[in-house]
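One structure is given here, and the rest of the page talks about it.
Read the figures in this text as sums done on the coordinates, not as results from a lab. All figures in this text were calculated on a predicted structure; none of them were measured in a lab. All Cβ positions, glycine included, derive from the backbone under ideal geometry; neighbour counts span all protein chains shown.
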Amino acid sequence: MRIRDSETIRAILGRRSIRRFEERLVEKEKIELLVECGCAAPSAANSRARHFVVVTDRELLNRLAEDHPYGKMLFEAPLAIVVCGDPEKSDFAHRYWEEDCSAAMQNILVAAHAIGLDGVWLGVRHAPGKEESIRKILSIPNHIAVLGIAVLGYGKEKKEPHQGIDQGALHMERW
Amino acid sequence: MERREHPVIQNILGRRSIRKFTLTPTEPGVVHILLECAFAAPSAHNRRPCRFIVIQRREILDQLSVAHDSGKMLAEAPLAIAVCADTSLYPEGDTAWIEDGAAALENMLLAARALGLEGVWLKVMGRHPREERVCPILKVPAHIKVIGIAALGYPAEEKAPHHGIDNNAVYKDCWGGEK
């Protein structure tokens, strides 16, 4: 078997940002598996300072869609997993919650693609004012940081897998 | 097949931080696939800030193993890949590149495991004097931030896979919602 035929490699390269979804709901068992994959991501000194808000309620999904400037796909998507961090949990959590939550988010997106779902990472943390408004919609306490939203469902568009290496981005041994 | 038996899910749940490696060098072609997988991670607004330094020279790996206070395993590891971000693409104070670099690093760790390698994510940025010790060895210019280093190799230890969901970490529909 060529190494790029490994199912994991294909899932990583095949994951694309998908923003069109079928109406079909995502099975509960799949949702739980995705969160489990999120929890399997590494965290600084095993600080595990992450929380997941699983949103399947149509009204809440619509409110998120209205609120986020790039969130229109939430009107169609049946599932959103909001990835949050707790920077106050420990010194390591304070320094590294954003990296650790990003790894959890990426695990969720790769796992989703592997089990027939697709989706997009909707950034919240660096979208001005959005962390605040999403906290309100989902009753998230002020001390909890909102990294972003994995918007998920059964994809209704197809994109080619990733391939290759960015020009100029690779250095050998030293910069 | 049970969904959790899916090879990709098994790969994600089975990835653990491995810090002991055999002396076997990595096979040809492996580094290229790892990098492709790193570049396949999403980046906010597709700004693609990630830059990578592939380190395989024993002398540099050894220097890093001393400079990085949690990096002793680099003295054994045949391969390290430093994940960096070009911060000059961003306005002052905008650190959105952290998320992109972290996603790329996680992709590499997942891909490594799929190819028979294992490894560990070493944090660099944000720890002092670690950052000041590591960056000169890699000769990175000031606008390049070293987010972390993946120390990689063929494993000489085994750990049980992850299982289950963090306590109190999941809510349904809104914070505090039924689990």
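Normalised by the number of residues in segment B:3-153, the average gap of Cα pairs under 8 Å and 6 or more apart makes the relative contact order 33 percent.
What is segment A:23-115's relative contact order, in percent, from Cα pairs under 8 angstrom and six or more apart in sequence?
40
Here the 3J(HN,Hα) profile of segment A:76-81, calculated from phi with Karplus coefficients 6.51, -1.76 and 1.60 at θ = phi - 60°, is 9, 5, x, 8, 10, 10 Hz, Gly and Pro shown as x. Under the criterion of Cα pairs below 8 Å and six or more residues apart, the relative contact order for chain A equals 33 percent. Under the rule a/c < 1.5 gives rounded, and otherwise a/b versus b/c splits prolate from oblate, where does chain A land using the Cα gyration tensor? In terms of gyration-tensor shape, oblate.
At a 10 Å Cβ-Cβ cut-off, how would you order A:HIS143, A:HIS113, B:HIS6, B:HIS32, fewest neighbours first?
Least crowded to most crowded, the residues run A:HIS143, B:HIS32, B:HIS6, A:HIS113.
Dipole magnitude for segment A:22-153: computed about the Cα centre from +1 point charges on Lys and Arg Cβ and -1 point charges on Asp and Glu Cβ, it is near 180 debye. Legend: mean number of C-beta atoms from other chains within 10 angstrom of residue C-beta atoms, peptide A:81-87, equals 1.
Going by a ≥ b ≥ c, the root eigenvalues of the Cα gyration tensor, does chain B fall in the rounded group (a/c under 1.5), the prolate group (a/b larger than b/c) or the oblate group? Oblate shape, in that a/c is at least 1.5 and b/c is the bigger or equal ratio. Whole-Hz Karplus values for segment B:116-133 come out as x, 8, 9, x, 9, 8, 9, 6, 10, 4, x, 10, 10, x, 3, 4, 5, 7 Hz, taken residue by residue from phi with 6.51 cos²θ - 1.76 cosθ + 1.60 and θ = phi - 60°; glycine and proline positions read x.
Taking the Cα centre of the protein assembly as shown as origin, work out the dipole magnitude from +1 charges on Lys and Arg Cβ and -1 charges on Asp and Glu Cβ, in debye rounded to 20.
380
Counting other Cβ atoms within 10 Å, which GluC sites (Glu not before Pro) in segment A:125-167 have at most 16 and lie in a DSSP loop? Those satisfying the criteria are A:GLU157. Is the shape of segment A:87-175 rounded, prolate or oblate, going by the alpha carbon gyration tensor and its root eigenvalues a ≥ b ≥ c, with a/c under 1.5 for rounded and a/b larger than b/c for prolate? Note, shape of segment A:87-175 comes out oblate.
Once both labels are positioned 7 Å from their Cα atoms along Cα-to-Cβ, the gap between B:ALA160 and B:LEU89 label points is 4.2 nm.
A Cβ-based charge dipole, computed about the Cα centre of chain B with Lys and Arg at +1 and Asp and Glu at -1, lands at about 240 debye.
Annotation note: GluC sites (Glu not before Pro) in segment B:63-132 located in DSSP loop regions with a Cβ neighbour count of at most 12 within 10 Å are B:GLU92.
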